[in-house]
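The block underneath contains the structure these notes are about, expressed in structure tokens.
The values are calculated or read from the model by the stated rules, or taken from the named source; none is laboratory data. None of these values were measured; they are calculated from a predicted model. Ideal geometry is used to build each Cβ from the backbone, glycine not excepted, and the neighbour counts take in all protein chains shown. Please note that ligands, DNA and RNA were not included when accessible areas were found on the heavy atoms of the full protein model with its side chains. Shrake-Rupley method; radii C 1.70, N 1.55, O 1.52, S 1.80 Å.
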Amino acid sequence: MALLRRLLFRPFRPLVRERRTLPGILSWIGLGTLISFVLIGIFGPLLISVDQTKPLAYPILLSPSLQHVMGTDGIGRDVFARVIWGTRTSLEIMAIGALLALVVGFPLGLLSGFVGGKLDRLFVLVMDSVYAFPGLLLAALIAAVIGKGIFNIGIAITVIYIPLYFRVTRNQTLSTREELYVEAARALGARSRTIMLSYIAYNVVIVIPVIFSLSAADTILTAAGLSYLGLGLEIDVPGDWGRDLSDAQRFLGSGIWWTSLFPGLMIILLTVGLSFLGEGLNDLVNPLLKKERA
Amino acid sequence: MTGPATVVKAEPTDEILRLDDLKVHFPVKMPFVQRLLQRGETVVHAVDGVSFGIRPGEILGLVGESGCGKSTVGRACVRLVKPTAGRIFFDGQDITKLGGEKLRALRRRIQIIFQDPHASLNPAMTIGKAIGHPLRIHSSVFGPQKTGSEEFGEWIRQKVLNAMKEVGLTPEEQLYDKYPGDLSGGQKQRAVMARALILEPNLLVVDEGVSMLDMSVRAKVLELMLDLKRRHKLTYLFITHDLATAKFICDKIAIMYLGRIVEIGPAREIYADPKHPYTKALLQVIPIPDPDRRAKKVLPRGEVPDAVHPPAGCRFHPRCPAVLASCGWEARDFVDFLDEHLSDPKRAGDDETILGPIEDWRAKGLVASLETNPLKVRKAVERTNAVLVEAPVAMKQAVESVSSQNRTVIVRFRSHHQLLQSNVQGRVVECLLYQ
Amino acid sequence: MSGKIFFRGRDLTQLSNQMYRRIRGEEIALIFQDPMTRLNPLMRIQDHFLEEIHAHESVSSTEARTRAREALVSMGIHETRIRNYPHEFSGGMRQRIMIALALVLKPSLLIADEPTTSLDVIVEAQILEILQDLKEAYHMSLLLITHNLGIVAEVCDRVAVLYAGKLVELGSVRDIFHKPLHPYTQGLLASVIHLETKELHSIEGSPPDLIAPPSGCRFHPRCSYAQPICTERIPPLVEFEPGHFAACHFGDKFL
Ligand SMILES: Nc1ncnc2c1ncn2[C@@H]1O[C@H](COP(=O)(O)OP(=O)(O)OP(=O)(O)O)[C@@H](O)[C@H]1O
Ligand code: SF4
Ligand code: SF4
Ligand SMILES: [Mg+2]
């Protein structure tokens, strides 16, 4: 348990230690954005009735006003309510997609890199073939096969990102495995399990938040993309940025901007925030990895 | 492989560590296609028949140039690399093939310290944790209390603080929770020593353990080692390329060259009167910090050859200033010599047109040959003889014949003498001069 | 950066970059600890030489090639290998190639920064021997930068000792080794482990932080002779005997 706790906290140490540097500030902005979205995703739907997101709840295409701060859309849904509920949807997909990919990809990468040999070659072969597929196309294929729904989309996206986690973890494991301190641990009589957990996992886990943030940002875009293509969620999901954007498109020509601006803005804000976090952490972690050896 | 034979009398003595004709060969990494084309296996002969023993409380220095296999011997002793052949005894027990729990148990008694203290410490572990980690790893043996209990943690903490004090890593309470990145090089090396010592091992392998420390810290760490030897009767295998430090600290010295020990014996005697030509060369090049004692040195030629194809006979023969005709001359020595000859325009004259290009020469064991056209063969033989006149005397004497066969010039060497180890004035030397 | 660097009476810091580049190479050559910092792994040895020669002199390719070959042979490397790539040579050979490359323009000053630190003892001795021979053959000055006092004793004529970014002692190699005036030099000499070492000595403490160096004499926190004046005043570099300088308030005590 203590080990798990340390494994969980270790990646965030640089965030605290380097908070005054540019990448530190960037990461904090990103983290702030993420947290705000999570709060909106959790509490927003509690405050806003789901009825407002249903078709014909209101007159169609009302421009933003005090009653409808973001107006209503082509089939009479409140855009603000859709956006808030959409946050929850996106976060759910992101959580399922990125987390599941992490939970599968990280241990596989660790194992593959640590054990090596035939097992490693097999894993690499499989993962590389998955990785070689264009992400959106693959997700679309899977979605077409297993059907719509938040969970299914999450799974479809997971499959794209597992190889990413796998590769980064495996490479990091391979280089960590060659470290002298790992050999030293072996000379001390440490069992393989101890070496893998206390020495290798511990030094590999530091790269996880980086890939998590970057892949999460990508997840949002992929999910929106799927919805945009009409392959995403069921029609009665109370909020779906991608589909709302797609629906809004045909009104753009007639000067109706609010139905596309707000879902679009949400997508951009969340992905940019996550990218900030990812890139910032990457800058923090990589020099740190170097500095710790220098 | 017609390597030098090894005479070992492995009598069960009071030795704590005994290596018996130890060999460690590493496969050479090669592209797949090349591996297919190559017949036979290509290996690095990192350690190729090393035998020695260490008695309790003794410091044995293992000295030699880079790549001669010192570290590999050290790693084999703690079983971090698998011996290809030969045997390792620790405290009378054969540990060559030990595995699993038995190997783990052994590792409580033999510890190793590497050159780079920074790289030897897990950057994510505090110093206190790192030093105490061996105790946790072996908790089943050590823990008087149940692992994980409060007292066990406290017991470890006390032991760690003691160990830190013992190696002079103070103030220990404050350093306990620091990360390796926060410590200086000397402190890190002390931490590594504390970690190695906390299990109270009997044998400590120190692989270039002080080379990276600066002068003032080095002196302190060396003193610490001597102190531990006195107080705990600790035994050391001290691996270094620094002969001066080795002289200061070691009781016995083993000089290694290209995977073999060429001279081994009491430090005092070897330093006072080195016997093996390689030992002599090494001792000669140690700079003396006194400008009034500059002296012209007789240096061996060239550099250490490749351990993939070590020279035949005595491995030092291509560079040895005292080389004899029987030391192991072979075809490729002649080709190398010819290459050198041809590349000096002043000496070569028109030899190049008759004996060159050098790539056309084939060297196989004792026979070097050049296929040329029938008209030139006679002349080529003549020239070869002429070139050989300028060769080192020993090489010249080792040539059995220069002859021709149809269109081929053949230079044949005599086979070399069997190289044995001889006892010379209290030490063992592997050199034909003393056989 | 401040101060001046005089080379043959000319202040190098005042020269244009272009002039400076000309002098470096033609007159002043450099070799480093790691030969690969200077050798391009993708270029044949011959091309390194040609590039160097053509950058500084207008000679025919044939002439340049001949000079390259001569330089290589003078370092004991077969000229047949001039078309090889750097990685096809051993560490010692690469270092010799570096020296050959530095010498191909026949400079009058060679600056060698730890030229043998990464090499084996025997190869080190070989290289030092070559450097000494060259010094005589080409009438070249050598600035050898090293932490190995043994090498200094064997090769150098005069020695400058630096501590924490300051020159603390300067003199003939005999003065420095037999009559060191500065306590740091004394400590340094005492801490060398050589074949006759019977007892280990070391300088207490560790080198200072150069961002905030100690006041007065930078050595005072580690000096056993330090007096109150040492913490207050920076000792000037004084010529205590002809040609023997030291920056210590009490240098005359050790004469
Ligand atoms: N794991 C390995 N795989 C392949 N070759 C190896 C391996 N370890 C060592 N070698 C080779 O074995 C030889 C001996 O290496 P070793 O590290 O024992 O030398 P050393 O005497 O310790 O040298 P140094 O003074 O440079 O540390 C070298 O040629 C080296 O390249
Ligand atoms: S056997 Fe002795 S003399 Fe002959 S080459 Fe080897 S070291 Fe030199
Ligand atoms: S000036 Fe003072 S502190 Fe500095 S070296 Fe001399 S005696 Fe020591
Ligand atoms: Mg080594």
* Qualifying positions in segment B:273-283 - within 9 Å of another protein chain (Cβ to nearest Cβ) and surrounded by fewer than 17 Cβ atoms within 10 Å (Cβ to Cβ) -> none
* Might you let me know whether segment B:355-371 holds any residue that is under 30 Å from C:ARG69 (Cα atoms), within 14 Å of chain C (Cβ to nearest Cβ), of a type in the set (D, E, K, R) and away from ligand 3 (no atom under 16 Å from the Cβ)? => yes
* To do: Filter segment C:119-151 down to residues that are more than 9 Å from chain B (Cβ to nearest Cβ) and over 30 Å from C:GLU63 (Cα atoms) and give me whichever is most open to solvent (accessible area, probe 1.4 Å).
  => C:ILE145
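From the list A:VAL79, A:VAL124, pick out the single residue that is of a type outside the set (D, E, K, R) and touching a Phe, Trp or Tyr at 6+ places or on another chain (Cβ under 6 Å).
Numbers: A:VAL124 fails: touching a Phe, Trp or Tyr at 6+ places or on another chain (Cβ under 6 Å).
From the options A:VAL79, A:VAL124, the qualifying one is A:VAL79.
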* Asked: Which members of segment B:268-310 meet the condition of being touching a residue at least 24 places away in the same chain (Cβ under 8 Å), part of a loop (DSSP other than H, G, I, E, B) and away from ligand 4 (no atom under 16 Å from the Cβ)?
  -> B:ASP273, B:LYS275, B:HIS276, B:ILE286, B:PRO305, B:VAL308, B:PRO310
* Confirm whether B:LEU204 is modelled with pLDDT of 90 or more and open to solvent by less than 60 Å² (accessible area, probe 1.4 Å). => yes
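Quick one: in segment B:184-213, of everything that is part of a loop (DSSP other than H, G, I, E, B) and under 18 Å from the mean Cα position of the chain (by Cα), which residue is farthest from B:THR235 (Cα to Cα)?
Applying the first criterion (part of a loop (DSSP other than H, G, I, E, B)) to segment B:184-213 yields B:184, B:198-202, B:208-213.
In the following step, the residues that additionally are under 18 Å from the mean Cα position of the chain (by Cα) were identified as B:208-211.
On the way: B:GLU208: 16, B:GLY209: 15, B:VAL210: 17, B:SER211: 20 Å.
Looking at residues that are part of a loop (DSSP other than H, G, I, E, B) and under 18 Å from the mean Cα position of the chain (by Cα), I get B:SER211.
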* Of everything in segment C:209-230 that's more than 8 Å from ligand 3 (Cβ to nearest atom) and away from every other protein chain (no Cβ under 14 Å), which residue is most open to solvent (accessible area, probe 1.4 Å)? -> C:ILE211
* Are any residues in segment B:229-255 away from ligand 4 (no atom under 16 Å from the Cβ) and within 24 Å of C:SER206 (Cα to Cα), and if so, which ones? -> B:ALA244, B:PHE248, B:ILE249
* Does segment A:213-224 contain at least one residue that is acidic (Asp, Glu), touching a helix residue (DSSP H, G or I) at 6+ places or on another chain (Cβ under 7 Å), crowded, with 22+ Cβ neighbours inside 10 Å and modelled with pLDDT of 80 or more? -> no
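Evaluate segment B:248-259: report whether one residue or more is open to solvent by less than 50 Å² (accessible area, probe 1.4 Å) and within 9 Å of another protein chain (Cβ to nearest Cβ).
Of segment B:248-259, the ones open to solvent by less than 50 Å² (accessible area, probe 1.4 Å) are B:248-250, B:252-259.
Of the ones still in play, those that are also within 9 Å of another protein chain (Cβ to nearest Cβ) are B:248.
Yes, there is a match, as at least one residue in segment B:248-259 is open to solvent by less than 50 Å² (accessible area, probe 1.4 Å) and within 9 Å of another protein chain (Cβ to nearest Cβ).
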* Answer residue from segment B:103-135, given it is open to solvent by 50 Å² or more (accessible area, probe 1.4 Å) and modelled with pLDDT of 90 or more and is nearest to ligand 3 (Cβ to nearest atom) among those -> B:LYS129
* Structure fact -> Those residues of segment C:27-47 which are more than 16 Å from C:ALA100 (Cβ to Cβ) and either among the aliphatic types (A, V, I, L, M) or in contact (Cβ under 8 Å) with a residue 60 or more places away in the chain (or both) amount to C:GLU27, C:ILE28, C:GLN33, C:ASP34, C:LEU42
* Filtering segment C:238-255 down to residues that are among the acidic types (Asp, Glu) and assigned to a strand (DSSP E or B), which residue is nearest to C:CYS223 (Cα to Cα)? -> C:GLU239
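Of everything in segment B:284-331 that's among the β-branched types (Val, Ile, Thr) and within 9 Å of chain C (Cβ to nearest Cβ), which residue is farthest from ligand 1 (Cβ to nearest atom)? Before you say what the answer is, go through the steps one by one.
Initial filter on segment B:284-331 (among the β-branched types (Val, Ile, Thr)): B:285-286, B:288, B:298, B:304, B:308, B:323.
If we keep only those that are within 9 Å of chain C (Cβ to nearest Cβ) too, we end up with B:285-286, B:288, B:304.
Details: B:VAL285: 15, B:ILE286: 16, B:ILE288: 23, B:VAL304: 9 Å.
That would be B:ILE288.
For segment B:363-378: of the residues being charged (D, E, K, R) and loosely packed, with under 15 Cβ neighbours inside 10 Å, which is nearest to B:HIS317 (Cα to Cα)? Can you show your working first?
To start, the set of residues in segment B:363-378 that are charged (D, E, K, R) comprises B:364, B:371, B:376, B:378.
Still in the list and also loosely packed, with under 15 Cβ neighbours inside 10 Å: B:364, B:371, B:378.
Numbers: B:LYS364: 17, B:GLU371: 28, B:ARG378: 31 Å.
If we take residues in segment B:363-378 being charged (D, E, K, R) and loosely packed, with under 15 Cβ neighbours inside 10 Å, then B:LYS364 is nearest to B:HIS317 (Cα to Cα).
Only one of C:GLU204, C:GLU241 is within 14 Å of chain B (Cβ to nearest Cβ) and surrounded by fewer than 17 Cβ atoms within 10 Å (Cβ to Cβ). Can you tell me which? It would help to see each step written out before you state the result.
Working: C:GLU241 fails: within 14 Å of chain B (Cβ to nearest Cβ).
When all the criteria are applied, what remains is C:GLU204.
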* Among the residues of segment B:404-427, is any touching a helix residue (DSSP H, G or I) at 6+ places or on another chain (Cβ under 6 Å), of a type outside the set (Ser, Thr, Tyr) and exposed (fewer than 12 other Cβ atoms within 10 Å of the Cβ)? -> yes
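What's the total number of residues in segment C:152-181 that are outside any loop (DSSP other than H, G, I, E, B) and surrounded by fewer than 17 Cβ atoms within 10 Å (Cβ to Cβ)? If you could, list the steps in order and put the result at the bottom.
First pass over segment C:152-181, keeping only residues outside any loop (DSSP other than H, G, I, E, B): C:152-155, C:158-163, C:166-178.
With the extra rule that they be surrounded by fewer than 17 Cβ atoms within 10 Å (Cβ to Cβ), the set shrinks to C:158, C:160, C:162, C:166-167, C:174, C:178.
The total comes to 7.
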* To do: Of the numbered conditions (1) in contact with a helix residue (DSSP H, G or I) (Cβ under 7 Å, 6 or more places away or on another chain); (2) within 28 Å of C:HIS220 (Cα to Cα); (3) free of Cβ contacts under 8 Å to residues at least 24 places away in the same chain, C:VAL168 fails exactly one; give the number of that condition.
  => (3)
* **Pairs with Cβ under 6 Å, 6+ apart, first in segment C:218-247 and of a type in the set (S, T, N, Q), second away from ligand 4 (no atom under 16 Å from the Cβ) and not in a helix (DSSP H, G or I)** => C:THR231/C:SER215; C:THR231/C:GLY216
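Of all residues in segment B:70-107, how many are within 16 Å of ligand 4 (Cβ to nearest atom) and within 14 Å of another protein chain (Cβ to nearest Cβ)? First the steps, then the outcome.
Within segment B:70-107, the first condition is being within 16 Å of ligand 4 (Cβ to nearest atom), and the residues that meet it are B:70-78, B:80-81.
Narrowing the set further to residues that are within 14 Å of another protein chain (Cβ to nearest Cβ) leaves B:70-72, B:74-78, B:80-81.
Count: 10.
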* Asked: Of all residues in segment B:225-240, how many are within 13 Å of another protein chain (Cβ to nearest Cβ) and open to solvent by 10 Å² or more (accessible area, probe 1.4 Å)?
  -> 2
* To do: Assess whether B:LEU243 counts as being within 9 Å of chain C (Cβ to nearest Cβ) and surrounded by fewer than 21 Cβ atoms within 10 Å (Cβ to Cβ).
  => no
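What do you reckon, is A:THR53 under 19 Å from A:LEU274 (Cβ atoms), among the hydroxyl-bearing types (Ser, Thr, Tyr) and touching a residue at least 24 places away in the same chain (Cβ under 8 Å)? Give the steps one after another, and end with the answer.
Numbers: under 19 Å from A:LEU274 (Cβ atoms): no; among the hydroxyl-bearing types (Ser, Thr, Tyr): yes; touching a residue at least 24 places away in the same chain (Cβ under 8 Å): yes.
No, not satisfied.
For segment B:208-224, which positions are among the acidic types (Asp, Glu) and either open to solvent by less than 10 Å² (accessible area, probe 1.4 Å) or within 16 Å of ligand 3 (Cβ to nearest atom) (or both)?
Passing the criteria: none in range.
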* Structure fact -> Residue hits (segment B:335-354; open to solvent by 20 Å² or more (accessible area, probe 1.4 Å) and either within 11 Å of chain C (Cβ to nearest Cβ) or of a type in the set (Gly, Ala, Ser) (or both)) are B:ASP336, B:ASP339, B:GLU340, B:ASP344, B:PRO345, B:LYS346, B:GLY349, B:GLU352
* Asked: outside any helix (DSSP H, G or I) and away from every other protein chain (no Cβ under 11 Å): does that describe A:GLY225?
  -> no
